[in-house]
Structure formats: C-alpha cells, structure tokens
1. Here is a list: B:Leu119, B:Leu179, B:Leu137, B:Leu111. Which entry is touching a helix residue (DSSP H, G or I) at 6+ places or on another chain (Cβ under 9 Å), surrounded by 13 or more Cβ atoms within 10 Å (Cβ to Cβ) and at pLDDT below 95?
2. May I ask you to list pairs of residues, at least six apart or on different chains, whose Cβ atoms are under 8 Å apart, with the first in region A:177-191 being within 12 Å of chain B (Cβ to nearest Cβ) and the second being near DNA strand D (Cβ under 10 Å from one of its atoms) and of a type outside the set (Gly, Ala, Ser)?
3. Need pairs with beta-carbon distance below 8 Å; first residue assigned by TED's automatic domain parsing to the domain that holds B:Ile66 and within region B:77-92, second hydroxyl-bearing (Ser, Thr, Tyr) and modelled with pLDDT of 95 or more; sequence gap 6+ or separate chains.
4. Restricting to region A:140-170, name every residue that is near DNA strand C (Cβ under 9 Å from one of its atoms) and surrounded by fewer than 16 Cβ atoms within 10 Å (Cβ to Cβ).
5. Kindly evaluate B:Lys116 against the criterion of being in a helix (DSSP H, G or I), facing chain A (nearest Cβ under 9 Å), more than 16 Å from DNA strand C (Cβ to nearest atom) and over 21 Å from A:Met158 (Cβ atoms).
6. Between residues in region B:141-163 that are over 15 Å from B:Phe177 (Cβ atoms) and assigned to a loop (DSSP other than H, G, I, E, B) and residues that are basic (Lys, Arg) and within 14 Å of DNA strand C (Cβ to nearest atom), which pairs lie under 7 Å by C-beta distance while being six or more apart or on different chains?
7. Of everything in region B:54-95, what is at negative phi, in a loop (DSSP other than H, G, I, E, B) and surrounded by fewer than 18 Cβ atoms within 10 Å (Cβ to Cβ)? Give them in sequence order.
8. Is region B:186-194 home to any residue that is modelled with pLDDT of 90 or more, among the β-branched types (Val, Ile, Thr) and loosely packed, with under 14 Cβ neighbours inside 10 Å?
Number of protein chains: 2
Amino acid sequence: MAPETLLVIDDDADLRESIVEILTESGYRVLACATAEAALPLCHEVVPQLVLVDNMMPGMGGMALIPLLKKDFPATRIIMVTAFSTVDNAVAAMKSGADDYLAKPFRRGELLMAVKRALELRRFDRQHCDPEMDEALACLANQIRREILATLADRGEMRFMDITRSLGIADHTKVVFHLKNLKANNLITQNREKIYRLTPQGKKILDCLHLLAKKISS
Amino acid sequence: MAPETLLVIDDDADLRESIVEILTESGYRVLACATAEAALPLCHEVVPQLVLVDNMMPGMGGMALIPLLKKDFPATRIIMVTAFSTVDNAVAAMKSGADDYLAKPFRRGELLMAVKRALELRRFDRQHCDPEMDEALACLANQIRREILATLADRGEMRFMDITRSLGIADHTKVVFHLKNLKANNLITQNREKIYRLTPQGKKILDCLHLLAKKISS
DNA sequence: CCTTTCCGGGAAGAGAAGTTCACAGATGCG
DNA sequence: CGCATCTGTGAACTTCTCTTCCCGGAAAGG
C-alpha cells in the first residue's frame with residue numbers, strides 16, 4: 001500500500017522542517033511549502049491526503065486557504081496549526097472546514113495522534129460498494145423522494161398525511177409509492193405508530209446530496 | 001411564514017430566562033429546559049430548528065447531547081454555550097457537530113448574530129434541491145454511465161471504441177446512447193478528434209460518488 | 001351509530017429510459 | 001478500388017418507473 005501524502009504549509013522554516021521530519025520518520029510521504037499561495041499549485045500536481053496548515057503566514061493566511069482547498073480537493077483532510085490559539089480562532093477554523101486544530105507548541109505524540117486520527121477518518125470515507133449504489137442512486141433520482149428526505153430531515157419525524165400535505169401533493173397514494181421505495185432502500189423507517197423518520201443511512205445520504213448540490217451549482 | 005422554533009438548554013435559570021427573553025423579543029418561538037435529559041423528549045414533541053445548549057450541566061453534559069441531537073434531528077442547528085471556554089473544548093464541540101460556539105458572558109448582539117447566522121445557513125442547505133440536481137442524479141442513476149465516468153477518470157482520455165471494449169459491451173450503439181446522455185449533462189466532452197474526456201464538472205461529480213459510496217457502505 | 005380522516009394495497013395505463021436493429025459517412029489499409 | 005473499422009443516427013421495440021384510479025380497513029370524532 002502506497003504511503004499517504006501529507007502537505008505541511010508553514011512559513012517558519014525551523015518548525016516546518018521539524019514537522020516534516022517527525023512525519024517522515026513515521027513513514028508518511030511529506031511535501032512542504034512556505035506559503036498558502038504555493039500550496040495550491042502543489043496540490044494540483046500531487047494531491048495530498050492531509051494538509052497541515054499554519055494560521056499566521058505572510059500573504060494569504062491559512063484560514064483563507066481552507067475553503068479553497070476544500071473546494072478543489074474535498075476528500076483532503078485539513079489540520080490547522082497555530083501559535084496564537086484563541087477560542088474564536090479555533091471555532092472559525094472548524095467552521096471553515098478544518099478537521100482539527102492544533103496549538104503550538106505541540107508534542108510529537110500530539111501531532112502524530114492528530115494526523116493518524118484524521119487519516120483514519122478519511123480511509124473510513126474511502127470504501128466502495130457498488131451493488132447498493134445502484135439502488136440508492138435510482139432512489140435519489142426522483143425529486144419527490146428527495147423532497148421527502150429533506151422534509152423528514154427538517155421536521156425529524158412525521159406522520160403520513162403530514163408528509164403528503166407538506167409536499168403539496170394531492171394524491172396521497174403517489175406519496176405512498178415513494179415512501180415504500182424509500183423504505184425498501186432503507187433510507188426511512190416507520191418505527192412505531194406509523195411515524196416516519198430518517199434512518200442514519202438516510203441522513204448520511206442526504207448530507208451527501210447537499211454536498212452534491214453545492215458542487216453542481218459551483 | 002411560521003417563526004422558527006428554538007430550544008434553550010441551560011441549568012442556570014437566570015441565564016436561561018434571559019436568553020429566552022432576548023430571543024422571544026426578536027420574534028422567535030422559544031422553548032427551554034434545564035437538562036439535556038429533558039431536551040430529547042421535548043425535541044420529539046416539537047422539533048426545533050436551532051438548539052442553544054450549555055456545556056456544563058448536571059447529568060449529561062451538553063457535549064454528550066450533541067451527537068444524540070444530530071442523530072435524531074440532522075437538520076437542526078446547534079450552538080454550544082459555555083462559561084469556561086477553552087480551545088480544546090471549542091474544538092471538541094465543533095468536531096461533535098456543533099455549528100457555533102459562544103462563550104459566556106456574551107452580549108445580546110452576539111447571541112442574536114450567531115442565531116441568525118445559523119438559521120440562515122440552515123435555510124441555505126434546505127433549498128438547492130431543485131435545479132440541475134434532477135438531471136445530474138438521473139444521469140448518475142445508470143450504472144453504465146457511472147462506469148464510463150470511472151473509466152474515463154482512470155485513463156484520462158479515450159476514443160469511442162476503447163470505451164466500448166473497456167466496458168465489455170458488445171453493442172456499441174448502446175454506449176453511444178449513454179455517451180450522448182453524459183455529454184448532454186456536461187459531464188464529459190469530446191474536445192478534438194472525437195476523443196472523450198471528463199469535464200471538471202464530471203470530475204467533481206465522480207468525487208461525490210466516491211463520497212456517497214463510502215457513506216452507503218458505512 | 002354514522003361520517004370523516006388516516007393509511008395503505010393493487011391494478012391499469014401513461015410515460016420515460018434503455019436496448020436493439022438497420023443503415024451510413026468517414027477513414028484507413030492493402 | 002474493395003473491404004474493414006470507427007463513429008455515429010434514427011426508428012422500433014422492450015422494460016421499468018411513475019401516476020392514477022378504485023378499493024378497504026382502522027381510527028377518530030360527533
């Protein structure tokens with residue numbers, strides 16, 4: 001198995017080299033650069049699985065880089081590293097899409113732990129599964145079913161007629177048809193008392209739909 | 001339009017009432033309770049669009065409540081409120097799925113701003129379900145078309161017959177049909193000399209498919 | 001009790017999606 | 001030139017999805 005590629009972005013050469021060394025020793029393939037501006041073209045050459053980015057840098061800061069990275073490389077994990085950590089800064093970084101936040105100075109173990117954890121989450125993301133894929137996508141191809149999912153996500157749990165009316169569909173049996181389809185695909189359940197709600201599966205799929213919608217419109 | 005329902009969870013009665021008052025004045029419909037344990041059944045009765053939850057509470061803490069809320073009400077936004085804010089705590093909250101993090105004491109304006117922002121993000125997520133989404137998903141629902149995308153992503157650029165043979169499809173006109181479909185949806189192009197390749201759009205969508213696949217299998 | 005609303009099954013048909021066939025221009029090759 | 005391959009088009013046909021209509025039982029409400 002090929003080693004993961006990591007990218008370290010930090011304008012402080014000493015610290016950068018030190019991080020690179022720690023990660024290289026641990027068996028990762030490590031790239032590095034000194035500015036956010038240099039990072040983007042580098043990523044387009046060799047797509048990293050994980051980026052460690054400093055917050056305070058001359059030119060574009062690490063914070064501004066995060067959305068750009070997320071846009072071009074959605075599967076890449078991002079850990080923000082910072083010398084002057086504040087609660088507001090940490091919250092802002094996580095909101096932007098960072099997966100973790102590391103305050104300098106950190107110990108070797110902290111760094112490795114954060115890196116390992118982020119990469120594991122990513123691997124978890126990467127697995128494939130074709131047979132159900134077909135059914136799930138066929139299920140999602142229908143707009144009414146997507147609306148049902150969205151409505152259920154919105155309201156948490158609903159009865160049959162609530163759903164029907166909420167969608168503004170006159171013929172309730174049409175809704176039955178799609179509900180059955182969604183149930184068969186395990187995206188919704190009807191646990192007790194006929195109440196419909198999303199399955200965890202359904203929630204995940206819906207998340208994905210939002211992501212897809214953003215990509216399409218961008 | 002119905003006012004949004006907010007839920008305030010805080011064991012400090014004074015602060016809770018004060019928050020409720022501020023939010024009620026601003027036109028929201030506000031529920032409140034004193035413990036995380038009481039919050040869940042309350043949510044099942046009236047699903048809130050936004051929850052403000054205190055971190056330190058007797059019994060289950062706010063941090064533990066977040067994943068539970070996320071699970072049952074994926075579309076509900078969560079703002080964590082805390083008296084003893086630390087970077088680590090903020091990062092942990094955001095990792096758990098909080099959408100924002102507010103340190104006590106906060107001013108009225110800060111609170112309202114955070115609430116307004118979270119609700120706006122939520123509305124933004126909620127839309128986006130309609131425009132080209134339908135076509136894109138209809139396009140992806142077909143397995144052959146997904147295979148074509150994957151093959152093209154793999155090989156970069158291919159001629160018509162290469163694709164056909166690579167898929168092991170005897171009838172080449174069937175492939176033509178799907179290629180036309182993909183072209184119409186702007187996922188592939190035929191730039192020069194009849195050579196097919198992915199569009200940037202197509203690449204993004206394929207990324208998304210991987211993401212979806214992983215969500216399904218998990 | 002009767003009536004209404006809720007929740008759903010199942011069949012028939014409209015309509016969309018996918019497949020196959022028949023054919024044809026372009027290109028290259030001996 | 002004669003033949004084969006590449007790259008399609010268009011129409012007919014099949015298959016599947018979706019909608020619509022008719023029906024019925026269960027619960028609620030008066």
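The values are calculated or read from the model by the stated rules, or taken from the named source; none is laboratory data. What you are looking at is a predicted structure, and each value in this text was computed from that prediction instead of being measured. Reconstructed Cβ throughout: ideal geometry from the backbone, glycine too, with neighbour counts over all protein chains shown.
1. None of the others qualify; the one that does is B:Leu137.
2. These pairs meet every condition: A:Asn185/A:Glu135; A:Asn185/A:Cys139; A:Leu187/A:Cys139.
3. The qualifying pairs are B:Ile79/B:Tyr101; B:Met80/B:Tyr101; B:Thr82/B:Tyr101; B:Ser85/B:Tyr101; B:Val87/A:Tyr101; B:Ala90/B:Tyr101; B:Val91/A:Tyr101.
4. A:Arg159, A:Phe160, A:Met161, A:Asp162, A:Arg165
5. no
6. Listed by first residue and then by second, the contacts come to B:Arg159/B:Lys194.
7. Once the filter is applied, which keeps residues that are at negative phi, in a loop (DSSP other than H, G, I, E, B) and surrounded by fewer than 18 Cβ atoms within 10 Å (Cβ to Cβ), region B:54-95 yields B:Met56, B:Pro58, B:Met60, B:Gly61, B:Ala83, B:Phe84, B:Thr86.
8. The answer is no; no qualifying residue exists.
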